[in-house]
């Protein structure tokens, strides 16, 4: 295969060409309530050619049939010649030659574990949830594993082979009482072996209990509150509301974003540091190289409250006169790489959780994220569940907590960052191309004067 | 289809589903054509019934056929029993979903279409940035089973996703939208779609203010998606079977205002959700789900219907992918238009809010019917006229309460996101939260 790839690249008529091929084998077991939805295996094979013509632009061809690579290169080149835009340059990076393996201990290599054993594991978690309370009406319990082999090569001489394993367990509980339906979910996922999926019995119970608890929680009263975010919601906030604005493709295409995202601008208090790092061992967004062959590493975005960096592909780095950061990532062979986050986190500071809530007279402790949307500096997020904070104590559970506001005002209102940093795996980023594995990390953070929607 | 032969004798019934598709896509950024792409995709998935157990497997690797057969048998071995039989041949309606002219559109044609769309929008509002993808594609699917069924069809699709951004100092307006059709012959064209976006931008030139509280709220067809989304989940047979749909067990009851009628219709010519049969070979037909506010039925695929009891049949709503086993999904949803004109609705609402789009669509507890959203684009209405755009507004409610009292529904409407037709819906009183 290597010879076919190298030959196709050599014969390309484009100014720059890259080929990425992927072969992925996966198994999954999904329960919905007491019923097994499916226990099956899949094989996904495909590839992408991306070509750049200096007198045109980017052209792309994607395919499942890997037989005729020269034809795919020609198709991508034809697309590249059809477009005309500002000239595109690629910032130089070292030519990577690598073979990346992720050794899985034999006992935990999920490729050698039977579908029956995976099914029994999922069935056990599902039973724990179903039997937890009579009000539990529905579940979605999914075990999945995936082992991908990627080959990346470009016409500048890069050639990388990489193994990408991933194991994921997803537990969703739906509780119902009369016409009221509430849900709680958690996910565990890492590029590792079967051990990721084991010993989650206690977690299954807590997810089930939370859905039941939400039935008796009352909807939050809308208004402005001091809000303490748990690490997961803080991490989602850092990724969604801030991180996407740090993606250079967004910044250069957008005059308003250029005004907003001036390096050196103060974004928050001195206790706030946010960074992205695609080289942290064992996280979902970790790879030695990105999908353009650029080595990954740490990029500080906000340091001590000041905007200091942003995330780049080779194209955006050249365009803005900055360094590539190894953030060109693609969601599989159907997509060309675009600027994406890897593992994005808020660095820990020194405030304990107890100190954070101690002087909050009337506030909200918001946990987990159901979803959200951002439009430039405006964001809207829903917490998975939440509690009132009354006179410095965590009080009753509340629900339907939607946080919204302006990013800059909100970052400026952060007045405490916790000492209890946590990595939270299981994240998928949906930018443009659907789910790409990322990790988020954060401690608890406290924000003053947040608008909470409610009925 | 020789995979079916390989499975004969090893399973009681077998089914093969194949797809082949190709697309051409052009992308615009900052009003300029910046990328072009061609894509080919193909794949095969199998299902078997063996000892009453249902197995599934899929692959995109043409070399992996033997593996696929072993995988589907292993899947059945580890599955639960389900009282299901794959159906034999059943005639379906003739549905037009292929347009040879659309299928022939080239990169140059799509680029030209994109330029016209951007020119139309910038004629109304010069100072905008448009980001857009235009895609034409042709996709064939084929389904055969050991009960003698053999169906399939060929779809041509033109789709367009667009983001228009207007920035004036601290005032930012972003309009997202999506258009899809299978034909260029009938119905709205991409240029009609562009003119409608231009109209929304023009209406948003002036700002208006609003004091929060309970007030009449008018949902435009695009805004009404926030109301339609929970209904889509509540009418899905799988959510009914699992007992989490608030509509479960209420067929025949008056669940909504009598003005509300909702139909699922996979037989409409030209619509992306249409075909003669669903992806399990069950014929499509028109289903009235809510008739004058009375609940009439739900959407089922074969498996969900089989599990739901002997009296329940598939309604032809099995939707699947190469890696996704069939599951119930709406085809084209139509919320029926009413008697009144949009003008009447605007006149009778006094001072109120017109919702054009929300942020965070689908966030929160959709199945419960609850919605709580910051608004993307909304206008203040007064004296029968749109007086200007209002910012920093959010709405909250629950469709299972709020749709029990609908003040009026317009006869005008639009296809939203390709497969949902929605009119304007006026609710007499909804809680509106404003900043400050």
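Could you look through the stretch A:75-93, keep only residues that are under 12 Å from residue A:53 (Cβ atoms) and crowded, with 19+ Cβ neighbours inside 10 Å, and pick out the one that is farthest from the other protein chains (Cβ to nearest Cβ)? Talk me through it step by step, then tell me what you get.
Narrowing the stretch A:75-93 to residues under 12 Å from residue A:53 (Cβ atoms): A:76-85, A:87-88.
Subsequent filtering for residues that are crowded, with 19+ Cβ neighbours inside 10 Å retains A:76-80, A:82-83, A:88.
On the way: A:76: 8, A:77: 11, A:78: 8, A:79: 4, A:80: 7, A:82: 5, A:83: 5, A:88: 9 Å.
Filtering first and then ranking leaves A:77.
If I filter the stretch B:397-413 down to residues being buried (at least 18 other Cβ atoms within 10 Å of the Cβ) and under 19 Å from residue B:340 (Cα atoms), which single residue comes out as farthest from the chain's Cα centre (by Cα)? Break it down stepwise before answering.
Residues of the stretch B:397-413 that are buried (at least 18 other Cβ atoms within 10 Å of the Cβ), as a first pass: B:397-400, B:402-403, B:406-410, B:413.
Now narrow it down to the ones that are under 19 Å from residue B:340 (Cα atoms): B:403, B:406-410, B:413.
Details: B:403: 20, B:406: 23, B:407: 25, B:408: 24, B:409: 20, B:410: 21, B:413: 15 Å.
Ranking the qualifying residues of the stretch B:397-413, first place goes to B:407.
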key: Matching strands (runs of 3 or more DSSP E) fully within the stretch B:269-373 where at least 3 residues are without any contact (Cβ under 8 Å) to a residue 40 or more places away in the chain   = B:286-291
ask   = So which residues in the stretch A:339-379 are surrounded by fewer than 24 Cβ atoms within 10 Å (Cβ to Cβ), under 18 Å from the mean Cα position of the chain (by Cα) and modelled with pLDDT of 95 or more, if there are any at all?
value = A:347, A:367
note = With criteria (1) in contact (Cβ under 8 Å) with a residue 60 or more places away in the chain; (2) over 26 Å from residue A:164 (Cα atoms); (3) more than 13 Å from chain B (Cβ to nearest Cβ); (4) surrounded by fewer than 21 Cβ atoms within 10 Å (Cβ to Cβ), residue A:98 comes up short on (2)
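Could you say which residue among B:223, B:137, B:152 is closer than 30 Å to residue B:105 by Cα and within 19 Å of the chain's Cα centre (by Cα)? Steps first, please.
Working: B:223 fails: closer than 30 Å to residue B:105 by Cα; B:152 fails: within 19 Å of the chain's Cα centre (by Cα).
Exactly one residue qualifies, and that residue is B:137.
So if I check each of A:305, A:326, which one is in the same structural domain as residue A:365 (by TED's automatic domain parsing) and either under 26 Å from residue B:173 (Cα atoms) or more than 17 Å from the chain's Cα centre (by Cα) (or both)?
None of the others qualify; the one that does is A:305.
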key: Subset tally (residues that are within 14 Å of another protein chain (Cβ to nearest Cβ) and either under 21 Å from the mean Cα position of the chain (by Cα) or surrounded by fewer than 21 Cβ atoms within 10 Å (Cβ to Cβ) (or both)) for the stretch A:155-178   = 3
query = Which one of the conditions (1) under 20 Å from residue B:18 (Cα atoms); (2) surrounded by fewer than 15 Cβ atoms within 10 Å (Cβ to Cβ); (3) within 14 Å of chain A (Cβ to nearest Cβ) does residue B:150 fail to meet, given that it meets all the rest?
reply = (3)
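Is it the case that the stretch B:6-14 has a residue that's within 13 Å of another protein chain (Cβ to nearest Cβ), in contact with a helix residue (DSSP H, G or I) (Cβ under 9 Å, 6 or more places away or on another chain) and surrounded by 22 or more Cβ atoms within 10 Å (Cβ to Cβ)?
Of the residues in the stretch B:6-14, the ones within 13 Å of another protein chain (Cβ to nearest Cβ) are none.
Scanning the stretch B:6-14, I find no residue that is within 13 Å of another protein chain (Cβ to nearest Cβ), in contact with a helix residue (DSSP H, G or I) (Cβ under 9 Å, 6 or more places away or on another chain) and surrounded by 22 or more Cβ atoms within 10 Å (Cβ to Cβ), so the answer is no.
Those residues that are outside any loop (DSSP other than H, G, I, E, B) and either free of Cβ contacts under 8 Å to residues at least 60 places away in the same chain or buried (at least 21 other Cβ atoms within 10 Å of the Cβ) (or both), I need them from the stretch B:174-189; list them, please. Full working, then the answer.
To start, the set of residues in the stretch B:174-189 that are outside any loop (DSSP other than H, G, I, E, B) comprises B:174-181.
Passing the criteria: B:175, B:177, B:179, B:181.
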ask   = When you scan the stretch A:53-65, how many residues do you find that are more than 9 Å from every other protein chain (Cβ to nearest Cβ) and surrounded by fewer than 22 Cβ atoms within 10 Å (Cβ to Cβ)?
value = 2
task = Specify the residue that is farthest from residue B:393 (Cα to Cα); the eligible residues are those in the stretch B:344-362 that are surrounded by 21 or more Cβ atoms within 10 Å (Cβ to Cβ) and away from chain A (no Cβ under 14 Å).
result = B:345
ask   = Got a number for residues in the stretch A:179-196 being within 9 Å of another protein chain (Cβ to nearest Cβ) and either farther than 28 Å from residue A:137 by Cβ or not in a strand (DSSP E or B) (or both)?
value = 1
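Pick from the stretch A:290-302 the residues that are more than 27 Å from residue A:268 (Cα to Cα) and more than 17 Å from the chain's Cα centre (by Cα): which of them is nearest to the other protein chains (Cβ to nearest Cβ)? Steps first, please.
Within the stretch A:290-302, the first condition is being more than 27 Å from residue A:268 (Cα to Cα), and the residues that meet it are A:290-295.
Filter once more, keeping what is more than 17 Å from the chain's Cα centre (by Cα): A:292-295.
On the way: A:292: 16, A:293: 20, A:294: 20, A:295: 26 Å.
Selected residue: A:292.
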request  = Mind counting the residues in the stretch B:112-128 that are within 12 Å of chain A (Cβ to nearest Cβ) and buried (at least 19 other Cβ atoms within 10 Å of the Cβ)?
outcome  = 2
remark   = In the set A:21, A:36, the lone residue that is touching a helix residue (DSSP H, G or I) at 6+ places or on another chain (Cβ under 8 Å), touching a residue at least 12 places away in the same chain (Cβ under 8 Å) and within 7 Å of chain B (Cβ to nearest Cβ) is A:36
message = Just to check your reading of the model, which residue among B:35, B:45, B:41 is part of a strand (DSSP E or B) and modelled with pLDDT under 95?
response = B:35
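Only one residue in B:337, B:388, B:321, B:383 is over 16 Å from residue B:425 (Cα atoms) and either within 14 Å of chain A (Cβ to nearest Cβ) or within 20 Å of the chain's Cα centre (by Cα) (or both), so which one is that?
Numbers: B:337 fails: over 16 Å from residue B:425 (Cα atoms); B:388 fails: either within 14 Å of chain A (Cβ to nearest Cβ) or within 20 Å of the chain's Cα centre (by Cα) (or both); B:383 fails: either within 14 Å of chain A (Cβ to nearest Cβ) or within 20 Å of the chain's Cα centre (by Cα) (or both).
From the options B:337, B:388, B:321, B:383, the qualifying one is B:321.
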message = Tell me the residue from B:31, B:20 that is surrounded by fewer than 24 Cβ atoms within 10 Å (Cβ to Cβ) and more than 10 Å from chain A (Cβ to nearest Cβ), please.
response = B:31
inquiry  = Looking for something in contact with a helix residue (DSSP H, G or I) (Cβ under 9 Å, 6 or more places away or on another chain) and over 27 Å from residue A:165 (Cβ atoms) - is there at least one such residue anywhere in the stretch A:108-125?
reply    = no
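From the list B:243, B:223, B:234, B:212, which one is touching a helix residue (DSSP H, G or I) at 6+ places or on another chain (Cβ under 9 Å) and closer than 29 Å to residue B:398 by Cα?
Working: B:243 fails: touching a helix residue (DSSP H, G or I) at 6+ places or on another chain (Cβ under 9 Å); B:223 fails: touching a helix residue (DSSP H, G or I) at 6+ places or on another chain (Cβ under 9 Å); B:212 fails: touching a helix residue (DSSP H, G or I) at 6+ places or on another chain (Cβ under 9 Å).
Step by step, each of B:243, B:223, B:234, B:212 is checked, and only B:234 is touching a helix residue (DSSP H, G or I) at 6+ places or on another chain (Cβ under 9 Å) and closer than 29 Å to residue B:398 by Cα.
Residues are listed down the side, and each one gets a yes or a no for (1) within 30 Å of residue A:139 (Cβ to Cβ); (2) surrounded by fewer than 22 Cβ atoms within 10 Å (Cβ to Cβ); (3) within 7 Å of chain B (Cβ to nearest Cβ):
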site: A:17; (1), (2), (3): no, no, no
site: A:31; (1), (2), (3): yes, no, no
site: A:46; (1), (2), (3): no, no, yes
site: A:51; (1), (2), (3): no, no, no
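Would you confirm whether any residue within the stretch A:279-293 is assigned by TED's automatic domain parsing to the domain that holds residue A:390, within 21 Å of residue A:413 (Cα to Cα) and crowded, with 22+ Cβ neighbours inside 10 Å? Explain how you work it out, then say what you get.
So in the stretch A:279-293, the residues assigned by TED's automatic domain parsing to the domain that holds residue A:390 come out as A:279-293.
Then keep just the ones that are within 21 Å of residue A:413 (Cα to Cα); that gives none.
Within the stretch A:279-293 (the criterion being assigned by TED's automatic domain parsing to the domain that holds residue A:390, within 21 Å of residue A:413 (Cα to Cα) and crowded, with 22+ Cβ neighbours inside 10 Å), the answer is no, since none of the residues qualifies.
The values are calculated or read from the model by the stated rules, or taken from the named source; none is laboratory data. Bear in mind that the values here come from a model prediction, so they are computed numbers and not experimental data. Cβ atoms come from the backbone with ideal geometry, glycine included; neighbour counts cover every protein chain shown.
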